[in-house]
Amino acid sequence: MGEHADLIRSIYGFDWATVGSRREGFAELREVVAPDFESRLSHELGNRVLTGVGGLEMFVGALEQDFSEFHYDADEFVEVSDDGVLVLGRIFAKARATGMPLSGEFGHIWTVRDGLAARVEAHRDPDEARKAAGVS
């Protein structure tokens with residue numbers, strides 16, 4: 001695995017709906033993302049672009065209202081270009097109101113610039129993410 005993939009790997013593994021884990025996750029994120037970091041949400045969430053760690057914090061804070069657990073289980077990290085990393089895996093969540101477990105696949109395409117994560121593009125369909133990253 002390459003240097004960029006190692007950097008991106010450090011971002012995964014946090015429960016974004018649990019306050020303690022979320023604080024730890026955002027502290028880690030601030031260390032590895034560029035000041036002008038952008039996060040493009042999947043089209044199912046309206047193709048919105050969140051700016052900076054603050055934009056992600058607001059989005060993830062809203063997750064806490066609906067989920068008692070929410071985390072990404074990243075299985076595969078593939079360096080797809082000089083500055084790109086494709087991450088594939090599963091989302092795991094538990095509905096706060098009912099306790100019902102939920103899961104689904106995801107694909108994230110990361111761009112690394114000057115040793116920091118500069119952008120992430122989210123996809124709910126791993127095949128769609130592979131295609132967008134130029135990987136068959």
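Some values worked out for this structure:
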item	result
Placed amide H near Phe37: partners under 5 Å, 5+ positions off or other chain	Gly52
Ranked by how many other beta carbons lie within 10 Å on average, peptides 4-10, 39-45 from highest	4-10, 39-45
Sum of -39500 (n - 2.57) over DSSP H runs of 4+, divided by residues of the chain (222 nm, nearest 500)	-10000 deg cm²/dmol
Kirkwood Rh and Cα Rg combined as Rg over Rh, evaluated for the range 1-74	0.96
10 Å beta-carbon shell around Glu121, net charge (K/R +1, D/E -1)	+1
Listed residues Leu88, Leu116 arranged by accessible area, highest first, probe 1.4 Å	Leu116, Leu88
Alpha-carbon radius of gyration plus Dmax, which is the widest Cα pair, for the range 9-136 in Å	14.1, 44
Computed P(r) (all Cα pairs; the range 38-81; 10 Å bins; percent)	22, 45, 31, 3
Within the range 81-125, backbone nitrogen closer than 20 Å to the virtual label 7 Å beyond the Cα of Ala34 toward Cβ	81-87, 108-123
Asp75 versus Leu63: modelled label distance in nm, points set 7 Å from Cα along the beta carbon direction	1.9
Amide hydrogen neighbours beyond the local backbone of Phe67, cut-off 5 Å, H modeled	Arg96
Charge dipole (debye, nearest 20) of the chain; +1 at Cβ of Lys and Arg, -1 at Cβ of Asp and Glu	400
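The values are calculated or read from the model by the stated rules, or taken from the named source; none is laboratory data. Owing to the predicted nature of the structure, the values given are computational and were not obtained by experimental measurement. Cβ coordinates were reconstructed from backbone atoms using ideal geometry, including for glycine residues, and neighbour counts include every protein chain displayed. Ligands, DNA and RNA are stripped out before the accessible areas are found, and what is left, the full protein with its side chains, is counted by its heavy atoms. Shrake-Rupley method; radii C 1.70, N 1.55, O 1.52, S 1.80 Å.
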